Amino acid sequence: MTKFSTRCVIACLLTVGMCVLQYNLFLRKSFKFKIWQQNDDGGMQSMERRLPSALIVGVRKGGTRALLDAIGLHPKVRIVRRETHFFDSNYSLGFDWYKSQMPHVESDDEVVIEKTPAYFTNENVPKRVFDWNPDMKLILIVRHPVYRTISDFTQVYYNKLEQNKSLPVLSIEAFRTDDVTGDESINMEYKPMTNSLYDVHISKWLKYFKIHNFLLVNGDVFRANPLHELRRVEEFLGLERAITPSQLVFDYQKGFFCFRKTTKIRCLGESKGRKHRSISNDVIEKLSRMFEEHNQNFFQLINRSFQWD
Ligand SMILES: Nc1ncnc2c1ncn2[C@@H]1O[C@H](COP(=O)(O)OS(=O)(=O)O)[C@@H](OP(=O)(O)O)[C@H]1O
């Protein structure tokens, strides 16, 4: 190659390099200084991640997954698909790790939201969340405690079945009998039962947060009429009403609502809404009696009541 053509190649490369640099600077300026990269579809995707400003903290089997998916229909909401378990199990991994789990955001008015139902019942979580962000928006979706317990028990039952372990019987696991008095009480070592003692768990949160940090979502109403509760969530998150009835599609076969973001309709997986283990009326009545006092305490703590008769 002659000296002249080498110079030409170098000049061309420099020009292309300058153009790429200018283009990047232009993108950063016009997209509020965020770093963008090309995604698989050829479009541009922001590389910025942001920690959540709202958490769905529970309750387990309350409808947390459906609520997360449904609020994710809102154009200004970015959801964290997997349960990060950051504030309970993965805290030692640090906030950089937590941030790496977050979705990409494109504008400052987007709300990032995460759900890990184990947060509600873990003793360490309230203080950790409060120390990090005392203004955190906390969403708690609760459900009739008796049916939540049966749902939790059903999940545990099928997990054990899959692992070829011995299968539990709810009436044996749920209660304890006092050797002296013969009185029966809740087995405080059995999680499907203790997870339903909402008063016990919310008390631990209220040592740090005020009740107005919480939005209480009625899981039984949400399941039958999601939009009713979604409007409350939109308001709580400071968002405009944007989720439309046409995005909530009832699937008659499943007996649940599915969610339409673009053209695709997404229903929840097999482990949600599966047939519950059959429980006798006697056991259901006993469960109701045992939860009654806890429910009343819970209503006092949250200044609201639910129809859980
Ligand atoms: N739209 C829609 N689709 C499917 N399932 C729905 C929906 N809305 C509410 N639910 C109820 O959600 C219950 C599961 O709750 P979670 O998602 O919180 O469970 S988990 O704790 O994450 O395992 C699940 O409980 P079970 O019916 O007992 O399985 C459902 O009743």
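Bear in mind these aren't lab numbers, they're just calculated from the coordinates by the rules spelled out. Everything numeric in this text was worked out from a predicted model, so none of it was measured. Cβ coordinates were reconstructed from backbone atoms using ideal geometry, including for glycine residues, and neighbour counts include every protein chain displayed.
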**Asked** What are the trypsin sites (Lys or Arg not before Pro) within the stretch 85-175 that DSSP puts in a loop, where the Cβ has at most 14 other Cβ atoms within 10 Å?
**Response** Lys165
**Asked** Based on Cβ point charges of +1 for Lys and Arg and -1 for Asp and Glu, what charge dipole magnitude is obtained for the stretch 192-309 about its Cα centre, in debye rounded to the nearest 20?
**Response** 560 debye
**Prompt:** So how much slack lies between Ser53 and Asn281, counting 0.36 nm per residue of separation and subtracting their Cα-Cα distance, in nm?
**Reply:** 77.8 nm
**Message:** What number does the stretch 169-309 give for Rg over Rh if you use C-alpha atoms and the Kirkwood radius?
**Reply:** 1.04
**Request:** Return the sequence-ordered ³J(HN,Hα) values of the stretch 221-232 in whole Hz as given by the Karplus equation 6.51 cos²θ - 1.76 cosθ + 1.60 applied to θ = phi - 60°, using x for Gly and Pro.
**Result:** 6, 4, 4, 8, 9, x, 4, 4, 7, 5, 4, 5
**Message:** Are there any chymotrypsin sites (Phe, Trp or Tyr not before Pro) in the stretch 163-262 that are in a DSSP loop and have at most 16 other Cβ atoms within 10 Å? List them by number.
**Reply:** Tyr208, Tyr252
**Message:** Need one number: nm distance between label points at Arg81 and Asn297, each 7 Å from Cα along Cα→Cβ, rounded to one decimal.
**Reply:** 4.0 nm
**Prompt:** In whole percent, what relative contact order does the chain give with Cα contacts below 8 Å and a gap of six or more residues?
**Reply:** 18 percent
**Asked** What GluC sites (Glu not before Pro) does the stretch 72-151 have in DSSP loop regions with at most 10 other beta carbons within 10 Å?
**Response** Glu123
**Over the chain, equivalent-ellipsoid semi-axes from the Cα gyration tensor in Å** = 48, 21, 20
**Request:** Sketch the reach of a paramagnetic label on Tyr158 as a point 7 Å from Cα along Cα-to-Cβ, and name the residues of the stretch 225-264 whose backbone nitrogen lies under 18 Å away.
**Result:** 251-258
**Prompt:** When the helices in the chain are scored as -39500 (n - 2.57) per DSSP H run of 4 or longer and the sum is shared across all residues, what 222 nm value do you end up with, to the nearest 500 deg cm²/dmol?
**Reply:** -12000 deg cm²/dmol
